[in-house]
Amino acid sequence: MKATKITDGIYRLGVNLEDDLLFEGMWPMPHGISINSYVVQGERTALIDLIEDVRDKPLEFEQELHSIPLQAKDIDCMIINHMEPDHTSWLPAFYQENPDLEFYITKKGAAMLKAFCGIDKNVHIVKSGDTVDLGAGKILTFYEAPNLHWPETMFTFEQSSGILFTCDAFGSYGAITDVIFDDQLSSEQHDFFTQEALRYFANIIGGFSMFVEKAVTQLKDLDIKMIAPSHGIVWREKPQEIIDTYLRFAGYMSGPAEPEVTIIWSSMYGNTEKVVNAMIQGVRSEGIPVHVHRVPNDHVGFILASAWKSAGLIVGMPTYEYRMFPPMAWTLDMFGRKKVWNKKVLRFGSFGWSGGAQREMDTLTEKLKWDFLDPVEWQGAPDDEDLKRAESQSRELARQIKEEGRG
Ligand code: FEO
């Protein structure tokens, strides 16, 4: 692999993590993910973010560096926008090849640099507005961007090119092969990366949505000509598009999200399952798109993406030993951690000798700002009245979502 020249003196280097790995050790990546790094060459040379030390990725990365051509020892400055190990776990080995590296990082990042990599020499702590002049017209300006996606994160802006390097922010899942820039995407590829950005956002960034708007506001006076994240494609033709996409995703937290419904259901012996179709029919009768996931069969990483985008949720589970069917409780616990807030919600489910699922549902969703319709619950197998009620309640949910709209 060769590095890709973005503009004079600025290159993108990247490796792909494959689909058999789990991102953060838990999120499936059926289409992989790229980890991008950038070289900025003035009279001095800076490297912005690095890669994860996994499999043969460091070797691939070194080959890309050689293609510029550069060696590890040619790098003068290491800019660390984010300390998470997908961008830094290879840093200790890289540092051994070049112990004279100068580091530029936020104050919180510096503490992590010491804790994760044992590095505390030649570390320059930077704040928003601080600059580093690399010479030959290349000036880097730093902007703290806390919680995108850790507390220490920052963005780096290269003034002559107008490129904003944002690490996790404005990134997506999806391996990068021959297509690197937004203007090279076919419409199918464009849709693919938009969907991969949504799933990445829901899995990684969503819980920090309130910080997206703050970060974008801070950048409002910058003449941004490209967005270069450390996951996903480089937005050189329409950088504002990915900014707007992220603002839209972030806005789903305060609701309403898109006029769509996600049905998440689980069943032990088929009695809750028998009602799923009635729920789907009720939503569809109002012309609202519906996404359906079964728990525990579908991974929560995919369920989160559908739920994050949908204004409405229909959640079905049987009662299990006086409480909720446990895999659904685990899913809703994740919704709490990821702040899937401000939804209109309908619950349904069967119970055997006693109810109890609703009680646990109330507890688990206490802080999620969910607006509930009356649940549809029955003992044993559902009868025709239960099915009718399921369809009318899901239709009512869809109707309310349409009425509320987004805007
Ligand atoms: Fe790509 Fe938060 O690390």
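Of all residues in region 1-27, exactly one satisfies the criterion of being under 19 Å from the mean Cα position of the chain (by Cα), surrounded by fewer than 18 Cβ atoms within 10 Å (Cβ to Cβ) and in a strand (DSSP E or B), namely Leu22. Among the residues of region 317-330, is any in contact with a Phe, Trp or Tyr (Cβ under 8 Å, 6 or more places away or on another chain) and free of Cβ contacts under 8 Å to residues at least 12 places away in the same chain? Taking every residue of region 317-330 in turn, at least one turns out to be in contact with a Phe, Trp or Tyr (Cβ under 8 Å, 6 or more places away or on another chain) and free of Cβ contacts under 8 Å to residues at least 12 places away in the same chain.
If you go through region 151-164, how many residues are open to solvent by less than 10 Å² (accessible area, probe 1.4 Å) and either within 13 Å of the ligand (Cβ to nearest atom) or under 24 Å from Glu18 (Cβ atoms) (or both)? So the count comes out to 3.
Scanning region 75-130 for residues that are of a type outside the set (Asp, Glu), open to solvent by 10 Å² or more (accessible area, probe 1.4 Å) and in a strand (DSSP E or B) returns Tyr104, Val123, His124, Ile125. Counting only strands (runs of 3 or more DSSP E) that sit completely within region 218-300, zero hold 3 or more residues that are acidic (Asp, Glu) and surrounded by fewer than 18 Cβ atoms within 10 Å (Cβ to Cβ). For region 131-149, the tally of residues that are surrounded by fewer than 17 Cβ atoms within 10 Å (Cβ to Cβ) and in contact with an Asp or Glu (Cβ under 6 Å, 6 or more places away or on another chain) stands at 3. Those strands (runs of 3 or more DSSP E) of region 303-401 in which 2 or more residues are open to solvent by 30 Å² or more (accessible area, probe 1.4 Å) occupy 376-379.
Could you tell me which residue of region 42-53 is farthest from the chain's Cα centre (by Cα), considering only residues that are crowded, with 20+ Cβ neighbours inside 10 Å and assigned to a strand (DSSP E or B)? Among them, the one singled out is Ala46. From the list Gly251, Gly255, the lone residue that is within 30 Å of Val276 (Cβ to Cβ) and at pLDDT below 95 is Gly255. Applying the set (1) within 16 Å of the ligand (Cβ to nearest atom); (2) among the charged types (D, E, K, R); (3) more than 25 Å from Val212 (Cβ to Cβ) to Asp168 leaves exactly one unmet item: (3). Scanning region 127-150 for residues that are away from the ligand (no atom under 16 Å from the Cβ) and charged (D, E, K, R), we see that the one that is nearest to the chain's Cα centre (by Cα) is Lys127.
If you check Leu59 against the conditions, is it open to solvent by 10 Å² or more (accessible area, probe 1.4 Å) and within 14 Å of the ligand (Cβ to nearest atom)? No.
The values are calculated or read from the model by the stated rules, or taken from the named source; none is laboratory data. It should be emphasised that the depicted structure is a prediction, and the values quoted were computed from it without experimental measurement. Cβ atoms come from the backbone with ideal geometry, glycine included; neighbour counts cover every protein chain shown. Surface accessibility is based on the protein's heavy atoms, side chains included, excluding ligands, DNA and RNA. Shrake-Rupley method; radii C 1.70, N 1.55, O 1.52, S 1.80 Å.
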